[in-house]
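K.L.:
Dropping a structure here in structure tokens format, bear with me for questions.
Throughout, read-outs are computed from the coordinates displayed, never taken from laboratory work. Since we're looking at a predicted model, the values are computed, not measured. Cβ placement follows ideal geometry from the backbone for every residue including glycine, while neighbour counts extend to all protein chains displayed.
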Ligand code: FAD
């Protein structure tokens, strides 16, 4: 394996870097790598940049996502989707996600998905990232060539395959595409239809149907509210219920909340753990996603085990392959875009030798310490990358490594205010935002930042 960059006294170098994916993570990674002086190629299998925010009405041929040979669709975005965080909190540090004075744009504080896609496409244009992106080019194989100490990438553009060599690879392929499906006893004999929320687009096909949704995530909530105006009955089966109570939901004639499904039967019945049951037409699994890197060959240096991607130092570098392989966007329960920005600044600085990584052994020790602390606190493996309250510490650590200002307090205040608003009023928290002072605080930050768009970070 190549050596890690060693000490910051080493000369600053430019690397040839492949970025896989042109969603929010890939776009900001490309910008940070280029700012640092690296040459960058971004591979994107879609026909435009923006990642999962590029809505498509298309769905997969196997709607439950189990058949590995199915035709796949990247985006999980449904037609009615609005952000679940205020737009200002989501923006990159030096490219604010503010409302535009343009009738074609969505000015809401929690805008629809198209507005987020347009923000990302504006960002790519503003920073000249478009010219680095190869659209409709899928990476099919990534492997480390020991003799050359380089990465070989095989990509496919329509029917043309190409092999290329890179010094480093940054994986930004997103992790909301490969459905995770819950096991439902009796499902093989059940007479109804099943699908995963990945393939839900709009309520029309559910006219007069009895629908059971599994899960208590934002998607289950949004989709159930989408369906109530069209479906005959909507039933949610949830493991944890923080702010609602089981039974018929107030303000709806046809929405019920149940404990988890016990089993389903051939006659179409769905039995819940409290003994109640319904005869249903369809089950929608709103049960999340799996990390999936079908193109990546690392000889076992990176594996996915119960949705833990590892070992990864700081959720980014596999110690044995650092800094030549890295991942942006692995943590969840976070404010995503600004975290992607800090992760990619760190990767860019490490690759150029400006920032030093610890030794491989020290990185492994750090990963082991994380695993031990998770185990001690009873956190399941699949929650390894859930940061939530830990994100400020994590982001500040990254900012410190990069010599950037500390993570902005107002973002987290918006994050917590949104959670509080959601708990108090799930139905309308997006339209009844009561903490306008936080938006004003964000604007105070955004105004000076937007005057220096091309220089978001003070290097040491
Ligand atoms: P993606 O946006 O998924 O981009 C990955 C890109 O990689 C895609 O363009 C894909 O085509 C490409 N790609 C994949 N494999 C290959 C390959 N082999 N070769 C070439 N290209 C490839 N976050 C928020 O901050 N606010 C929200 O309100 C919010 N709402 C969400 C709602 C839903 C339903 C979901 C699923 C997620 C939501 N998120 C939200 C989280 C969201 O995932 C992030 O905001 C962010 O957009 C993820 O960006 P990404 O670049 O990591 O991945």
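K.L.:
Could you give me D for segment 330-439, from Stokes-Einstein at 20 °C and 1.002 mPa s, where the hydrodynamic radius is the Kirkwood radius over C-alpha pairs? Units µm² s⁻¹, please. Spell out each step's value before the answer.
P.N.:
On the way: Rh = 16.2 Å.
In µm²/s, the coefficient rounds to 132.
K.L.:
Now, a different point. On a 0 to 90° scale, report how tilted helix 360-376 is relative to the longest principal axis of the chain, with both axes built from alpha carbons and the result rounded to the nearest 10.
P.N.:
For helix 360-376, the angle is close to 20 degrees.
K.L.:
Quick one: 177, 379, fewest Cβ neighbours within 10 Å first, how do they rank?
P.N.:
On the way: 177 20, 379 13.
Going from least to most buried by this count: 379, 177.
K.L.:
Same structure again: Quick one: angle between helix 436-450 and the longest Cα principal axis of the chain, in degrees between 0 and 90, rounded to 10, please.
P.N.:
30
K.L.:
A further question follows. Diagonalise the Cα gyration tensor of segment 47-95 and give the resulting equivalent ellipsoid semi-axes, square root of 5 times each eigenvalue, largest first, whole Å.
P.N.:
Values: eigenvalues 157, 30, 18 Å².
Ellipsoid half-lengths, sorted descending, are 28, 12, 10 Å.
K.L.:
What is the distance, in nm, between label points placed 7 Å from the Cα along the Cα-to-Cβ direction at residue 39 and at residue 59?
P.N.:
Placing both labels 7 Å along Cα→Cβ, they lie 4.6 nm apart.
K.L.:
Separate question: Between residue 356 and residue 266, what length comes free when the chain is fully extended (0.36 nm per residue of separation minus the Cα-Cα distance, one decimal in nm)?
P.N.:
Numbers: separation 90, 0.36 × 90 = 32.40 nm, distance 6.04 nm.
Extending this stretch completely gives an extra 26.4 nm.
K.L.:
Could you work out how far apart the two model spin labels at residue 426 and residue 48 are, taking each label as a point 7 Å from the Cα in the direction of the beta carbon, and quote it in nm?
P.N.:
3.3
K.L.:
I've got another one for you. Between residue 434 and residue 382, what is 0.36 nm times their sequence separation minus the Cα-Cα distance? Round to one decimal in nm.
P.N.:
Working: separation 52, 0.36 × 52 = 18.72 nm, distance 3.43 nm.
In short, 15.3 nm is gained.
K.L.:
Further question: Could you work out the relative contact order of the chain, using alpha carbon pairs under 8 angstrom and six or more residues apart, expressed as a whole percent? Numbers along the way, then the final one.
P.N.:
Details: 888 pairs, mean separation 90.4, N = 460.
Computed over the chain, the figure is 20 percent.
K.L.:
Now for a different question. Report the antiparallel proportion of the DSSP beta bridges in segment 1-136 as a percent, rounded to a multiple of 5. Write down the numbers at each step before the final one.
P.N.:
Numbers: 2 of 9 bridges.
Looking only at bridges with both residues in segment 1-136, the antiparallel portion is about 20 percent.
K.L.:
If you take all C-alpha pairs in segment 249-391, what percent of them are over 20 Å apart?
P.N.:
Details: 6249 of 10153 pairs.
Value for segment 249-391 (Cα pairs over 20 Å): 62 percent.
K.L.:
So what's Rg/Rh here for segment 120-263, counting alpha carbon atoms and using the Kirkwood radius for Rh? Kindly include the intermediate steps, with their values, before the conclusion.
P.N.:
Values: Rg = 22.5 Å, Rh = 19.5 Å.
Here Rg/Rh amounts to 1.15.
K.L.:
Which value in deg cm²/dmol, rounded to the nearest 500, describes the helix-derived mean residue ellipticity at 222 nm for the chain, given -39,500 (n - 2.57) per DSSP H run of n ≥ 4 and division by the residue count? Intermediate results must be reported in sequence, preceding the final value.
P.N.:
On the way: 9 runs with 116 residues, N = 460.
My calculation for the chain gives -8000 deg cm²/dmol from helical runs alone.
K.L.:
Let me ask something else about it. Can you work out the PRE-style zone for residue 149? Point 7 Å along Cα to Cβ, and I want the residues of segment 155-196 with backbone N under 19 Å.
P.N.:
Residues 165-170 qualify, since their backbone N sits under 19 Å from the label point.
K.L.:
Test of understanding: ordering 29, 435, 71 by Cβ neighbours within 10 Å, fewest first, what list do you get?
P.N.:
Values: 29 32, 435 16, 71 10.
The most exposed by this proxy come first: 71, 435, 29.
K.L.:
Treat segment 183-263 as a sphere of radius equal to its Kirkwood radius over Cα pairs and apply Stokes-Einstein at 20 °C in a medium of 1.002 mPa s; give the translational diffusion coefficient in µm²/s, rounded to a whole number. Numbers along the way, then the final one.
P.N.:
Details: Rh = 13.2 Å.
The estimated diffusion coefficient comes to 163 µm²/s.
K.L.:
Could you compute Rg(Cα) / (2.2 N^0.38 Å) for segment 1-141, with N its residue count?
P.N.:
Details: Rg = 17.8 Å, N = 141, 2.2 N^0.38 = 14.4 Å.
For segment 1-141, the normalised Cα radius of gyration comes out at 1.23.
K.L.:
For the peptides 386-392, 405-411, 273-279, what is the packing order when you average, over each peptide's residues, the other Cβ atoms within 10 Å and list the highest mean first?
P.N.:
Details: 386-392: 15.7, 405-411: 17.9, 273-279: 13.6.
Going by the mean number of other Cβ atoms within 10 Å, highest first, we get 405-411, 386-392, 273-279.
K.L.:
Counting pairs of alpha carbon atoms under 8 Å apart in space and at least six apart in sequence, what relative contact order in percent does segment 288-351 give?
P.N.:
That works out to 20 percent.
K.L.:
Compute the acute angle (0 to 90°) between the alpha-carbon long axis of helix 391-402 and the principal axis of greatest extent of the alpha-carbon atoms of the chain; round to the nearest 10°.
P.N.:
The two axes meet at around 20 degrees.
K.L.:
First measure r as the distance between the Cβ atoms of residue 161 and residue 333, then evaluate 1/(1 + (r/R0)^6) with R0 = 45 Å and state the FRET efficiency to the nearest 0.05.
P.N.:
Numbers: r = 38 Å, r/R0 = 0.84.
Calculated value: 0.75.
K.L.:
Can you tell me the Rg and the Dmax, both Å, for the Cα atoms in segment 114-156?
P.N.:
Here Rg and the maximum Cα pair distance are 15.2, 46 Å.
K.L.:
Report relative contact order for segment 133-278 in percent, whole number only (criteria: Cα-Cα under 8 Å, sequence separation at least 6). Walk me through the numbers before you get to the answer.
P.N.:
Working: 223 pairs, mean separation 23.9, N = 146.
Relative contact order, segment 133-278: 16 percent.
K.L.:
Please report the equivalent ellipsoid semi-axes of segment 266-331, computed as sqrt(5 x eigenvalue) of the Cα gyration tensor, largest first, in whole Å.
P.N.:
On the way: eigenvalues 337, 28, 19 Å².
Value: 41, 12, 10 Å, ordered largest first.
K.L.:
Exposure proxy check: 136, 147 ranked by fewest other beta carbons within 10 Å?
P.N.:
147, 136
K.L.:
While we're looking at this one, here's another question. Rule-of-thumb check for the chain: C-alpha Rg over 2.2 N^0.38 Å?
P.N.:
On the way: Rg = 22.7 Å, N = 460, 2.2 N^0.38 = 22.6 Å.
Relative to the rule-of-thumb radius for its length, the chain sits at 1.01.
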